[in-house]
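A.B. asks: I'd like to ask you about the structure that follows.
The values are calculated or read from the model by the stated rules, or taken from the named source; none is laboratory data. Given the structure is predicted, the values throughout are model-derived calculations rather than measurements. Please note: Cβ atoms are built from the backbone with ideal geometry, for glycine as well, and neighbour counts cover all protein chains shown. Surface accessibility is based on the protein's heavy atoms, side chains included, excluding ligands, DNA and RNA. Shrake-Rupley method; radii C 1.70, N 1.55, O 1.52, S 1.80 Å.
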Amino acid sequence: GGYIDTTSGRGGNGGGASATLFRFGTQDYPANANQTAPEWTVFEGITCLRFDGIGNYILFPRETLPRRGPFTISFEIRPANVTKPQLLFAHRTTRVSSLTLHIKDGKLGGAYYGERHAATPLNSELGISPNEWSRVAVSYDFQAIRIRVNDSEQAFPCHDPGLNIGPCVFGGHGTGGEWPDASGNQWWFEGLLRSFRVQHAPVPD
């Protein structure tokens, strides 16, 4: 939640398009946000992070999600609601670098952007319930992207390396508003997060 990306080491502080999500300042961030970072909280005995849906995010360095290697992302979320679309995770700078994940119409979706700008839609039929914990896992082995919510899974054929390098964000990006509007702005996640993990391997069943 540092607003300017200082996690990359080189090219950070808004100095390069491959280093930051917020290169253009408030154009890429909600003007009415109270704070950039989610809050640590204890919910029903579980330590987790609470996102208020208006600009809270976690920023990860470049190559947290490898461009030319397999990966698995896993986490548990408890959305406050699923009636509004919400961006969960994005590997991107000012433009998308590879994977995005969102909730829309109560289902987990997203897209993967590969070399030559080939886009693979990842719009699943896997439901995400409000005010309940959902276990989410997304893995890629250059044969398919597998998306799992709790005990249900869908696979999407995919073979390309990612489009570009770049940092990753959990929580959202953009000023908020329509889904998406002409600037690609998207809603921010509102709810709880725990057990976030990235592995540079396709995790077996």
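A.B. asks: What residue, of 139, 124, is more than 15 Å from the chain's Cα centre (by Cα) and either assigned to a loop (DSSP other than H, G, I, E, B) or under 24 Å from residue 58 (Cα atoms) (or both)?
C.D. replies: Residue meeting the stated conditions: 124.
A.B. asks: Where in the stretch 33-94 are there strands (runs of 3 or more DSSP E), lying wholly inside it, with at least 1 residues that are under 19 Å from residue 140 (Cβ atoms) and either within 17 Å of the chain's Cα centre (by Cα) or at pLDDT below 95 (or both)? Reasoning before the result, please.
C.D. replies: Details: elements: 39-43, 46-52, 58-60, 71-79, 86-92.
The strands (runs of 3 or more DSSP E) meeting that bar are 58-60, 71-79, 86-92.
A.B. asks: So, in the stretch 140-170, exactly how many residues are acidic (Asp, Glu) and more than 24 Å from residue 189 (Cα to Cα)?
C.D. replies: Number of matching residues: 2.
A.B. asks: Let me ask something else. Determine whether residue 127 is small (Gly, Ala, Ser), exposed (fewer than 13 other Cβ atoms within 10 Å of the Cβ) and farther than 23 Å from residue 165 by Cα.
C.D. replies: Details: small (Gly, Ala, Ser): yes; exposed (fewer than 13 other Cβ atoms within 10 Å of the Cβ): no; farther than 23 Å from residue 165 by Cα: yes.
When the stated conditions are applied, residue 127 does not pass them.
A.B. asks: Still on this structure: Looking at the stretch 46-73 only, could you name the residues that are open to solvent by less than 30 Å² (accessible area, probe 1.4 Å), of a type outside the set (Val, Ile, Thr) and out of contact with any Cys (no Cβ under 7 Å at 6 or more places or on another chain)?
C.D. replies: Scanning the stretch 46-73 gives 48, 49, 51, 53, 55, 56, 57, 59, 66, 69, 71.
A.B. asks: Just one of 3, 29 is among the hydroxyl-bearing types (Ser, Thr, Tyr), over 14 Å from the mean Cα position of the chain (by Cα), at pLDDT below 70 and buried (at least 17 other Cβ atoms within 10 Å of the Cβ); which is it?
C.D. replies: On inspection, the qualifying residue turns out to be 3.
A.B. asks: Here's a follow-up. Residues in the stretch 153-166: is at least one open to solvent by less than 60 Å² (accessible area, probe 1.4 Å), under 27 Å from residue 80 (Cα atoms) and small (Gly, Ala, Ser)?
C.D. replies: Within the stretch 153-166 (the criterion being open to solvent by less than 60 Å² (accessible area, probe 1.4 Å), under 27 Å from residue 80 (Cα atoms) and small (Gly, Ala, Ser)), the answer is no, since none of the residues qualifies.
A.B. asks: Confirm whether residue 8 is polar (S, T, N, Q), crowded, with 16+ Cβ neighbours inside 10 Å and at pLDDT 80 or above.
C.D. replies: No.
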